[in-house]
1. Any residue in segment 362-377 that is in the same structural domain as Q395 (by the TED database) sitting within a Cβ distance under 6 Å of a residue that is modelled with pLDDT under 90? List the pairs, counting only those 6 or more apart or interchain.
2. Scan segment 103-139 residue by residue and report those that are small (G, A, S), within 22 Å of R187 (Cα to Cα) and either buried (at least 20 other Cβ atoms within 10 Å of the Cβ) or without any contact (Cβ under 8 Å) to a residue 24 or more places away in the chain (or both).
3. Among the residues in segment 297-317, are any on the phi < 0 side of the Ramachandran plot, modelled with pLDDT of 95 or more, open to solvent by 50 Å² or more (accessible area, probe 1.4 Å) and more than 16 Å from the chain's Cα centre (by Cα)?
4. I need the full set of residues from segment 377-388 which are open to solvent by 30 Å² or more (accessible area, probe 1.4 Å) and touching a helix residue (DSSP H, G or I) at 6+ places or on another chain (Cβ under 7 Å), in order please.
5. Need pairs with beta-carbon distance below 7 Å; first residue at positive phi and within segment 45-63, second open to solvent by 90 Å² or more (accessible area, probe 1.4 Å); sequence gap 6+ or separate chains.
6. Restricting to segment 381-425, and then to whatever is under 18 Å from V371 (Cβ atoms) and among the small types (G, A, S), can you tell me which residue is modelled with the highest pLDDT?
7. Output the residue which, of all residues in segment 181-206 that are open to solvent by 30 Å² or more (accessible area, probe 1.4 Å) and closer than 15 Å to S242 by Cβ, is modelled with the highest pLDDT.
8. Out of A369, A348, A336, which single residue is crowded, with 16+ Cβ neighbours inside 10 Å and in contact with an Asp or Glu (Cβ under 8 Å, 6 or more places away or on another chain)?
Amino acid sequence: MGRDDLYITVPSFFRCPISLDVMKSPVSLCTGVTYDRSSIQRWLDGGNNTCPATMQVLQTKDFVPNNNLQRLIRIWSDSALTRRPSDPTRNNPPPPVTRDQARNLITEIQNPNPNLNLFDAITKLVSFAKDSDQNRKLLATTDRFLPVLVEILTNSNSSIMIIGNSMNYIEELFVLLELVLREYRDRDSVTKSIVEKRDPVTSLMISVLKQGSLASRVAVARVLESIATDADQSKSFFAEQSECDDVVWELFRLMSTESDSVAIEAALSALICVAKLKRIRVRLVRLGCVKALAKLLSNPNSSAGVNERVMRLLETVSSCKEGRAEMCRDEACVSAVVRRMLKVSAAATESAVAVLWSLCYLFREEAAAEVVGRSNGVTKILLIMQSNCSPAVKQMAGDLLKVFRVNSKSCLSSYDTKTTHIMPF
């Protein structure tokens, strides 16, 4: 069976923004964003009164079925099956794995015998985990299942010798690991065990990031994010220079060459965590990340999640001199930060102000300040000063206004920042 028969790219707008699975019953909120009914219902039942994607306060919690999208998903699903002629089960898809069957599969994996088809068992559990949050929680709460899964992964170099589709097997392992890890309470202990076996795991990750399906590459990016969330674990895991460079390059490639917003967000989230290490920030700058991030930020089709993560990564990169120098050379980057700083989210605004504060106030980069002035950035900084922002953001905005008051010919040369009104521009 060919790779195209096993993996079919899912259009990003068919996925629920919460569960990231293909929607079974799409419904739209008053904000216009569509979610799977079960996912958004759990969000609302949890006492939330905002749209998860836009964080806008909901005027009403009512939602309406998105029948057109459901029709498109059904058509796509039917056509996806017809595009798999080498799959003899396309007209008779296997029935869903039940909870009892999943428990039996876990028992077999934890107590393997020579007759066990490990690839088949893992594939069935991936299907089970993708089906619902409850299924993932069942796997996550089953005693020692996740540690055993990590053990299988770290010993997979010997296991794949008896498995024909070795790459598919490794991909399925990473997908299952990520699905269960997101529901696991003691993530640190699991990621620590992965770090302890870093040599075999890193080589497998690089292989999947280079050759794997989009779904498995996203899974690897999310596992890397979980590892790098802890600074000490990240430092240990990325200790080997050459392998570290390979991982960073593949995450950068996933971020900059894919069009799927879920994949881009996963790569950005992982890069934000691994870029805590200075040498990785420098590596990213040399790869051309500033230009790539500016391109994403300037793309009108980029999702709010992508833009927010781009701002966060730019904030991280701006903390090294190589990153600041590249931002000053690339006028489009600073201009895009100014243009988007009030249009994404409160978190994005905070990161944008931090980027400008680092460039214009802390390190007095004149080239960046000139771009901010030409891009109407001073007006936006004034608006932020008057908004209900955090004390830290307000302080940074005030510092920026002092810079422009002294160095620019704008109307701020005689403007008292202690006043409470906003000047008409």
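The values are calculated or read from the model by the stated rules, or taken from the named source; none is laboratory data. Keep in mind that this is a model prediction, so the values were computed, not measured. Note that we place each Cβ from the backbone using ideal geometry, even for glycine, and neighbour counts take in every protein chain shown. Heads up: the accessible areas ignore ligands, DNA and RNA and are worked out on the full protein's heavy atoms, side chains in. Shrake-Rupley method; radii C 1.70, N 1.55, O 1.52, S 1.80 Å.
1. G373/S408
2. The one that is small (G, A, S), within 22 Å of R187 (Cα to Cα) and either buried (at least 20 other Cβ atoms within 10 Å of the Cβ) or without any contact (Cβ under 8 Å) to a residue 24 or more places away in the chain (or both): A129.
3. yes
4. K380, M385
5. none
6. A397
7. Per the stated criteria, the residue is S203.
8. Result of the check over A369, A348, A336: A348.
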